[in-house]
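The values are calculated or read from the model by the stated rules, or taken from the named source; none is laboratory data. Every value quoted in this text rests on a predicted model; they were computed, and no experiment measured them. Reconstructed Cβ throughout: ideal geometry from the backbone, glycine too, with neighbour counts over all protein chains shown.
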Amino acid sequence: MAPPAAVREKHARDGATRRGDAQAIRAVTAREAAAAGFSAVRIARVGDLGAEPGQRFLRFIAERLHGDMDWLEAKAERRQHPNAMWPEARSAIVLGLSYAPDEDPLRFLAARDRASISVYASRRDYHDVVKPRLKRVARAVQIATGADVKVFVDTAPLMEKPLAALAGLGWQGKHTNLVSREHGSWLYLGIVLTAAEIAPDEAEVSHCGNCRRCLDVCPTAAFPSPYQLDARRCISYLTIEHKGPIPHEFRTAIGNRIYGCDDCLAVCPWNKFAQAAHDQQLAIRPETQGPRLADLLTLDDEAFRKRFAGTPIRRAGHARFMRNALIAAGNSSDATLVPHIEALLGHESPLVRGAAVWALSRLKQQDDLKKLAQAHTREADESVREEWAMALAS
Ligand code: B12
Ligand code: SF4
Ligand code: SF4
């Protein structure tokens, strides 16, 4: 990464380019992080991470808790430790960007004719926001130290949370996410790895105590034990990452959550110290705030892309999004949605047709459903035929 001349001059002026000047390097890092709009910055010595997080990660994969997130498994060896990915890495500058909401993130859960979308997904994709800012910090660190740098925001096989805890940005709560005293559960994480040795901050210790609010609130009982998540049961995984039909056992519990889930984050008592985030690039998009299911069910591919352009939601693709909206419709008790759902029985994706069958089975009388089934006896896809069989048997 070549630093522009103006930046080079700026650091030369304040004397921060003196190699090995620990205070100056830390000061440059803090200044650039603040100028880039980060809410928190701390430094960890990569060598202090130890083998434990990596071993736990390998157990997570061995127990298949990652479901069909093949990309986590594919680079498991490298993900174990930053040095397995980049042997020269010596320090990790861990940056947090607050996305604390200014309203109750769970407020749409009871409005069953509407959808609830997680806070992180209700704005511009954080990868696009965080990465350029990380590059700015990285560039300054590179100039100040003369050492190589690499930036990460969930873009490479790097476990961000254990590094953040080691750097003292917060601790991994029982819900497994990083909790900060100042920002609660609402921090996006980004990391700059550098080959430079920079004096580290102190690691943070857990402040969960006897609390277990996050564990008890989970609608799908996704925590086999504190600090451990079975992703296959997590609504965030089921609505964002999982590609196939959503397993029947979770459909009712999902309620109207159509993209991600915030329940375990939102109940954490440490959120009370978090100030609402007012970063302009992270402004809440109005179309993500409790959208009506009737409107979502009529979105075709093009309208979907247009409506959610730039947000993480678009990455799920139209078929998966419609699958999720149909599960919410099935949980809505709103019979006025039936014509919209019936129209989706002819959708080109079996994922959508199957979810439509389930939604109708929840909103229509059995006799009406039987008549409808007779009109769809030529269904070509086996998974959709199974949905019909289950719907008619229930
Ligand atoms: C895969 C992934 C997911 C998966 C799996 C989540 C998970 N907990 O692993 C799914 C799709 C479910 C998911 C969901 C969400 N995610 Co996500 N996800 C990731 C990703 C890419 C990797 C995480 C990972 O390595 N998981 C593997 C497991 C094994 O690691 P782990 O959770 O750290 O597990 C540790 C604990 O189990 C611990 N452990 C086990 N036993 C014990 C015992 C004790 C005593 C202790 C202390 C620890 C401990 O050891 C393990 C290793 O350290 C990271 C980005 C990254 N590159 O790190 C983002 C990330 C974790 N996700 C993030 C977010 C925001 C979310 C959601 C909130 C989004 C939403 N609203 O829907 C939810 C939260 C769900 C939840 N409760 O975790 C943020 C979290 C920010 C933060 N403050 O921590 C990250 C860091 C992305 C980012 N750059 O900001 N995510
Ligand atoms: S995100 Fe939702 S489903 Fe996943 S663990 Fe947290 S509360 Fe449970
Ligand atoms: S809700 Fe309680 S147990 Fe869960 S992360 Fe927050 S403090 Fe820890």
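Residue-by-condition table, conditions (1) under 25 Å from residue 152 (Cβ atoms); (2) at pLDDT 95 or above; (3) more than 16 Å from ligand 2 (Cβ to nearest atom); (4) over 16 Å from the mean Cα position of the chain (by Cα):
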{"position": "205", "(1), (2), (3), (4)": "yes, yes, yes, yes"}
{"position": "219", "(1), (2), (3), (4)": "no, yes, no, yes"}
{"position": "235", "(1), (2), (3), (4)": "no, yes, no, no"}
{"position": "241", "(1), (2), (3), (4)": "yes, yes, no, no"}
{"position": "273", "(1), (2), (3), (4)": "no, no, yes, yes"}
Task: Residue, nearest to ligand 3 (Cβ to nearest atom), within the range 185-215, restricted to residues that are in contact with a Ser or Thr (Cβ under 9 Å, 6 or more places away or on another chain) and within 23 Å of residue 234 (Cα to Cα) - done: 214
Open item on the list: I'd like the residue in the range 213-231 that is of a type in the set (A, V, I, L, M, F, W, C) and in a loop (DSSP other than H, G, I, E, B) and, out of all such residues, is nearest to ligand 1 (Cβ to nearest atom).
Closed with: 229
Open item on the list: If I filter the range 247-260 for residues that are hydroxyl-bearing (Ser, Thr, Tyr) and away from ligand 3 (no atom under 16 Å from the Cβ), do I get at least one hit?
Closed with: yes
TODO: State the number of residues belonging to the range 251-270 that are more than 9 Å from ligand 2 (Cβ to nearest atom) and over 19 Å from residue 288 (Cβ atoms).
DONE: 5
Task: Residue selected from the range 156-191 under the condition part of a strand (DSSP E or B) and among the hydrophobic types (A, V, I, L, M, F, W, C), by the criterion farthest from ligand 2 (Cβ to nearest atom) - done: 191
- [ ] Check the range 166-185 and report whether any residue there is under 16 Å from the mean Cα position of the chain (by Cα) and of a type in the set (A, V, I, L, M, F, W, C).
- [x] yes
Open item on the list: Being crowded, with 19+ Cβ neighbours inside 10 Å and touching a Phe, Trp or Tyr at 6+ places or on another chain (Cβ under 8 Å) is the filter here; which residues of the range 71-100 pass it?
Closed with: 79, 80, 95, 96, 97, 98, 99, 100
Open item on the list: With more than 30 Å from residue 317 (Cα to Cα), charged (D, E, K, R), more than 9 Å from ligand 1 (Cβ to nearest atom) and free of Cβ contacts under 8 Å to residues at least 60 places away in the same chain as the only criterion, which of 202, 249 stands out?
Closed with: 202
Open item on the list: Among the numbered criteria (1) at pLDDT 95 or above; (2) touching a Phe, Trp or Tyr at 6+ places or on another chain (Cβ under 9 Å); (3) more than 9 Å from ligand 1 (Cβ to nearest atom), which one does residue 279 miss?
Closed with: (1)
- [ ] Would you mind telling me which numbered condition in (1) within 20 Å of residue 242 (Cβ to Cβ); (2) exposed (fewer than 15 other Cβ atoms within 10 Å of the Cβ); (3) touching a residue at least 12 places away in the same chain (Cβ under 8 Å) residue 382 fails?
- [x] (3)
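Conditions (1) farther than 21 Å from residue 92 by Cα; (2) under 35 Å from the mean Cα position of the chain (by Cα); (3) modelled with pLDDT of 95 or more, marked per residue:
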| residue | (1), (2), (3) |
| --- | --- |
| 5 | yes, no, no |
| 26 | no, yes, no |
| 38 | no, yes, yes |
| 41 | no, yes, yes |
| 45 | no, yes, yes |
| 48 | no, yes, yes |
| 54 | no, yes, yes |
| 58 | yes, yes, yes |
Task: From the options 237, 259, 227, residue that is of a type outside the set (D, E, K, R), surrounded by fewer than 18 Cβ atoms within 10 Å (Cβ to Cβ) and touching a residue at least 12 places away in the same chain (Cβ under 8 Å) - done: 227
Task: Failed item, numbered, when residue 327 is tested on (1) aliphatic (A, V, I, L, M); (2) buried (at least 22 other Cβ atoms within 10 Å of the Cβ); (3) modelled with pLDDT under 95 - done: (3)
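With of a type outside the set (A, V, I, L, M, F, W, C) and outside the structural domain of residue 62 (by TED's automatic domain parsing) as the only criterion, which of 113, 154, 128 stands out?
Just one listed residue meets the conditions, 113.
Yes/no per residue for (1) more than 30 Å from residue 24 (Cβ to Cβ); (2) within 7 Å of ligand 1 (Cβ to nearest atom):
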site: 172; (1), (2): yes, yes
site: 188; (1), (2): no, yes
site: 193; (1), (2): no, no
site: 211; (1), (2): yes, no
site: 233; (1), (2): yes, no
site: 253; (1), (2): yes, no
site: 256; (1), (2): yes, no
site: 260; (1), (2): yes, yes
site: 269; (1), (2): yes, no
